[in-house]
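Heads up: the structure comes next, in C-alpha cells.
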Amino acid sequence: MKKLYYFDNSATTKIDERVLKSMLPYLKENYGNASSIYSLGRESREAIDSAREKVAKALGCDGKEIFFTNSGTESDNWAIKGVAFANREKGNHIITSRIEHHAVLHTCEYLEKQGFEVTYLPVKKNGVVDIKELKKAIRKETILISIMYANNEIGTIEPIKEIGEIAKEKGIYFHTDAVQAVGNVEINLNELNIDLLTLSGHKFNGPKGIGALYIKNGVRIENLLHGGGQERGKRASTENVANIVGLGEAIELATENIEKKGEYVKTLREKCIEGILEKIPDTILNGDREKRLPGNVNVCFKYIEGESILLMLDRLGICASSGSACTSGSLDPSHVLLAIGLDHETAHGSLRLSFSKDNTEEEIDYLLEVLPDIISKLRRMSPLYNKE
Amino acid sequence: MEKYSDKVMDHFMNPRNVGELKDANGIGEVGNPRCGDIMKMYIKVKDNVIEDIKFLTFGCGAAVATSSMVTEIIKGKTLDEALEITNKDVAEALDGLPPIKMHCSNLAQAAIKDAIEDYKEKKTKDF
C-alpha cells in the first residue's frame with residue numbers, strides 16, 4: 001500500500017490500538033445494559049463509572065460533573081440550549097464569537113428564532129477574541145458566554161482564563177467548546193472559571209460517536225434529551241458502553257505527558273510553517289504565530305483555490321483540508337477566514353495541516369518537497385497569477 | 001466527499017491547452033474570485049474555425065477539468081458548432097460531475113461563448 005501522510009488530525013484521528021482493545025469486550029461478551037441489576041449489567045456500570053473518573057481526572061474536576069453524550073455537536077447543543085432555556089427568566093442574551101464551530105453558531109442562530117438575542121463577537125486579525133469587545137457586549141440580560149478554547153481551522157487558542165474571570169465576576173455562565181483543545185493542550189478546570197466544557201473522543205485517538213459535557217456542580221441547565229434516567233437523569237439513552245470506555249482510555253492516554261508530546265508536535269508545526277513561508281512566495285500564515293494549537297498550520301496561497309491543492313496532495317497520499325468554498329459545500333469560503341479579515345479570493349486558497357504525535361519530521365520533509373511544485377503548477381494555470 | 005471520475009482527474013492532473021494564447025483574436029472571461037471560480041478562454045479564429053484555444057482557470061478540480069475538456073471539444077470546430085456545445089456535453093465527456101459541481105461546466109461553456117462574442121465584436125470593429 002502507498003504510504004499515507006495523515007496531516008488532518010483536527011478533522012479526526014486514528015484510533016489508538018490500546019483504546020480499541022479496551023472497547024472490544026463491551027462490543028462482544030460484556031454487552032449488558034448498565035441499568036440492569038444482574039452482574040452482566042453491573043460490569044457495564046462499573047466500566048462507565050471508571051471511564052467517567054478518567055475523564056474527570058484528565059480535566060481536574062469531579063466525576064459527577066462529567067456527562068457522556070454522542071458527540072461534540074450534541075454537547076454544544078446541550079450546553080447552549082440547556083442553559084438558555086433554564087435561565088430564560090434571568091435574561092435572553094448570549095455572547096459568542098464569529099469563529100465558533102457551526103455546532104455553536106447554528107445553535108445560537110436557532111435560539112435567535114426562539115426569541116433569544118445573540119452577540120457574535122468579532123476577532124482580531126490573529127483570531128483572538130477581543131476582551132474589550134466582550135466586556136462591552138455584556139448586558140444585564142446576558143446569561144451565557146460561549147467561546148471556543150481553540151479554533152479548529154486556524155488553531156488560535158483563546159484567552160479562556162481571562163474570559164472565565166470576567167464571566168464569574170458578572171455572574172454569567174461560561175461554556176467553552178474545547179473539542180480541539182482536549183488532548184492537545186493541558187486543561188485544568190480547577191484553575192479556570194469554566195462552567196461547561198465540550199469535548200469529543202475522536203479528536204484524541206478515541207472512537208467516533210462519543211463526547212462529553214462537563215457541567216460544573218450547581219449550573220442550571222435543562223435536559224436536551226428526554227427519556228430514561230441515564231446520566232443521573234440528565235441525558236437519556238442507553239449508554240454506549242464500548243464508546244464510553246474508549247473515551248476514558250483515550251483521554252487518559254492523551255493527557256499523559258501532554259506537555260512533552262505537545263512540544264514534539266510543535267517542532268513539526270514550526271518546521272512546516274518555516275519551510276512553507278521560505279519556499280513558497282505570496283503565502284500568508286493564518287492565526288496567531290504563538291498562541292496556536294501545537295499541531296496546527298493554516299496558510300493561504302494567493303491566486304489559487306484550495307480544493308485543487310487538496311486533490312493534488314491526495315494523489316501523493318497526503319491528507320489535508322481547506323476552507324475554500326468548494327470544500328465547504330457552499331459558495332462562500334470559511335467563515336473563520338473571513339472573520340479574521342481575509343478577502344474571499346485569498347480565503348479560497350487556504351490549506352490546513354494538523355499534525356499529531358504520530359507524524360514525523362521525515363513526513364514534513366516530504367510535504368515540503370512536493371508542495372512548492374503543486375502550488376507553482378496551479379499558479380501557472382491561474383488567470384489571477386498571470387495578471388500580476 | 002463525492003468522488004470525481006477518472007476522466008475528471010485525468011484532465012485535472014494533465015490539463016490540455018493550458019496557458020495564454022499570444023495571438024488570440026477572442027478572449028472570454030467568466031466567474032469571479034468571490035465564488036472561487038474564474039475561467040479565461042483564449043481563441044484564435046481563422047475562416048470561421050477555432051484553430052487554437054487555450055485557458056487559464058482559478059478554481060477547483062471540476063473547474064480545471066471542465067476548462068480542459070471544453071478546449072479539447074472545441075478545437076477545430078466552427079463558431080456555430082462551438083456555440084452549440086452545452087454544459088451537459090462537457091459534463092458527459094468527463095463521465096459526469098458531482099451534482100454540486102455542475103455549475104463548473106456552465107462556467108466553461110459560458111467562457112467559450114464570451115470568447116466567441118469578443119471575437120465577433122472585434123471583427124465588426126475591424127470593418
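Quick one: dipole size for region B:6-122, taken about the Cα centre, charges +1 on Lys/Arg Cβ and -1 on Asp/Glu Cβ, in debye to the nearest 20.
Computed charge dipole of region B:6-122: roughly 260 debye.
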message: Please report the net charge: other residues with Cβ closer than 15 Å to the Cβ of A:ASP332, K and R +1, D and E -1.
response: -4
task: Distance between Cα centroids, region B:31-45 to region A:81-160: provide it in whole Å.
output: 40
message: For region A:296-324 and region A:1-72, what is the centre-to-centre distance using only Cα atoms, to the nearest Å?
response: 33
- prompt: Looking at region B:1-89, which trypsin sites (Lys or Arg not before Pro) are DSSP coil and have at most 12 other C-beta atoms within 10 Å of their C-beta?
  reply: B:LYS3, B:LYS22
- prompt: Quick one: if the Förster radius is 45 Å, what FRET efficiency do A:LYS125 and B:ASP47 give, using the C-beta to C-beta distance and rounding to 0.05?
  reply: 0.20
- request: With only alpha-carbon atoms counted, please give the Rg and Dmax of region B:6-122, in Å.
  value: 12.8, 39
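Would you mind estimating how fast the protein assembly as shown diffuses translationally, via Stokes-Einstein at 4 °C and 1.567 mPa s with the Kirkwood radius over Cα pairs, in µm²/s?
Rounded to a whole number, D works out at 52 µm²/s.
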task: Work out from phi, with θ = phi - 60° and the Karplus expression 6.51 cos²θ - 1.76 cosθ + 1.60, the ³J(HN,Hα) of each residue of region A:37-53, listed in order in whole Hz, and give x for Gly and Pro.
output: 8, 6, 4, 4, x, 5, 5, 5, 4, 5, 5, 5, 4, 5, 5, 4, 5
message: Taking θ = phi - 60°, what integer Hz values does the Karplus form 6.51 cos²θ - 1.76 cosθ + 1.60 yield along region A:105-111, in sequence order, with x for Gly and Pro?
response: 4, 5, 5, 5, 5, 4, 5
message: To make sure I understand the rule: partners must be lysines, Cα under 21 Å from the Cα of A:LYS135, and not fewer than 8 residues away in the same chain. Which ones qualify?
response: A:LYS90, A:LYS124, A:LYS125, A:LYS161, A:LYS168, A:LYS170
message: Let's test the formula: R0 of 25 Å, r as the Cβ-Cβ distance of A:TYR38 and A:SER237. What FRET efficiency results, to the nearest 0.05?
response: 0.75
message: If amide hydrogens are placed 1.01 Å from N in the peptide plane, which non-local residues have theirs closer than 5 Å to the one on A:VAL118?
response: A:ILE94
query: Under a straight-distance cross-link criterion of Cα-Cα below 17 Å, which lysines are reachable from A:LYS54, leaving out those fewer than 8 residues away in the same chain?
result: A:LYS21, A:LYS64, A:LYS203, A:LYS216
- request: Could you tell me which GluC sites (Glu not before Pro) in region B:1-110 are loop residues by DSSP with no more than 15 other beta carbons within 10 angstrom of their beta carbon?
  value: B:GLU2, B:GLU20
task: Could you list which residues have their amide H under 5 Å from that of A:SER71, counting only those 5 or more apart in sequence or on another chain, with H placed in the peptide plane?
output: A:GLY211
message: Which residues does the label zone of A:GLU169 cover in region A:124-162, counting backbone N under 18 Å from a point 7 Å along Cα→Cβ?
response: A:129-147, A:159-162
DSSP-loop GluC sites (Glu not before Pro) across region A:2-66, with at most 10 other Cβ within 10 angstrom: A:GLU29
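Read the figures in this text as sums done on the coordinates, not as results from a lab. Quantities reported herein were computed from a predicted structural model and do not represent experimental measurements. Heads up, the Cβs are rebuilt from the backbone with ideal geometry, glycines too, and the neighbour counts pull from every protein chain shown.
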